[in-house]
1. Can you name the residue in region 233-253 that is buried (at least 17 other Cβ atoms within 10 Å of the Cβ) and modelled with pLDDT of 90 or more and is also farthest from Lys204 (Cα to Cα) among such residues?
2. Within region 27-46, can you find the residues that are assigned to a helix (DSSP H, G or I) and modelled with pLDDT under 95?
3. Out of Ile72, Ile63, I need the residue that is under 23 Å from Ser17 (Cβ atoms), touching a Cys at 6+ places or on another chain (Cβ under 7 Å) and of a type outside the set (Asp, Glu). Which one?
4. Conditions first: (1) in contact with a Phe, Trp or Tyr (Cβ under 7 Å, 6 or more places away or on another chain); (2) farther than 20 Å from Asn69 by Cα; (3) hydroxyl-bearing (Ser, Thr, Tyr). Ser146 passes all but one, so which condition is the exception?
5. Look at Met86 and say whether it is modelled with pLDDT of 95 or more and in contact with a helix residue (DSSP H, G or I) (Cβ under 7 Å, 6 or more places away or on another chain).
6. I need the full set of residues from region 45-62 which are crowded, with 22+ Cβ neighbours inside 10 Å and closer than 16 Å to Val108 by Cβ, in order please.
7. Starting from region 111-137, take each residue that is over 19 Å from His220 (Cβ atoms) and list its partners that are assigned to a loop (DSSP other than H, G, I, E, B), counting only C-beta distances under 6 angstrom and pairs at least six apart or across chains.
8. Report those helices (runs of 4 or more DSSP H) wholly inside region 114-215 carrying at least 3 residues which are more than 21 Å from the chain's Cα centre (by Cα).
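The values are calculated or read from the model by the stated rules, or taken from the named source; none is laboratory data. For clarity, every value in this text was computed on a predicted model and none was experimentally measured. Here Cβ is always computed from backbone atoms with ideal geometry, including for glycine, and neighbour counts include all displayed protein chains.
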Amino acid sequence: MQTVCCIGDSLTQGNYSYDWVSSLSKKIPFIEFINMGKNGETAKVLRMRLQKDVIDLNPDYVIVLIGGNDLIGATHPTAGKMYVDMFPDILNRPPCLEDYKDEMIKIVHELDSKLPKDTKVLILSPPPIGEGGPKSDEWKLGLEFSYLCRNSVREVSPRIEFMDLYNDVQLDMIGHINGKYTPLTLSLNKMMFSYMLSYVLDWKRISWINNYKYTTDGIHFSKHFGNVIEGMIRHWFETYLESEEVITIENLSNKPCDLKNTVLNLLPSVLKR
């Protein structure tokens, strides 16, 4: 079975936010998903564990989503200091745009140089943070983060792919929020409250309780975000699954009926061949 390693921060780990990695693993059961997301990490912190948590695993696919905490730290001084306190051996100053650019270039270069050439790598730009809207500091700086992420990939590695998650999530958020923007107020208590509620409620209800339209606690995401990121990644996978014939009608013939139906729904273009 082929493997995909998903590495990132809490938006990937999925215990404070919608768990898109687990959701995709159920929808694409013929690929093993390895969740290497860790709460609170910045790009520099993530880079420190690339060797152990990605490269040494030798996965067939790698998906990187990092930058949300960099963006929060760059727009909220108190949070920036908190990240330095969390990772004193790695961070010598609060996250900023310049450091994010440098770290993304290093991340792309390390993945490109150390992973086998047939490993497929996808890097996603960090999504908008908060529900403050296009005029908020978080969304405006987030757009710059997205540009830097894209340029880091394109300038360093011709084989690593980039997808603009920021743009797709922004458009989806604008549609759901419908002009009712809310300035971002960071609250660790609200995050912990939402985390505890997740054991008994789904993220949609938690969003409603916290009076948000798209996020669960102002930062982390509900299923709306999951629909967007899953759609992007499924499209990326289908390209390779078709070209490499990872899944075909023939090798489904002896599989359980529910698995066959899953793939029939997931990969219609493959099954029409």
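1. For region 233-253, the residue satisfying everything is Trp236.
2. Taking region 27-46 and keeping what is assigned to a helix (DSSP H, G or I), we get 27, 43-46.
Within region 27-46, just Lys27 meets the criteria.
3. On the way: Ile72 fails: touching a Cys at 6+ places or on another chain (Cβ under 7 Å).
Going through Ile72, Ile63 in turn, just one is under 23 Å from Ser17 (Cβ atoms), touching a Cys at 6+ places or on another chain (Cβ under 7 Å) and of a type outside the set (Asp, Glu): Ile63.
4. It is condition (2) that Ser146 fails.
5. Working: modelled with pLDDT of 95 or more: yes; in contact with a helix residue (DSSP H, G or I) (Cβ under 7 Å, 6 or more places away or on another chain): no.
No, not satisfied.
6. Leu46, Val54, Val62
7. Short answer, once both residue conditions are applied: Asp112/Ser157; Asp112/Ile160; Val121/Ile160.
8. Details: elements: 137-156, 165-177, 188-197, 203-209.
Those helices (runs of 4 or more DSSP H) span 188-197, 203-209.
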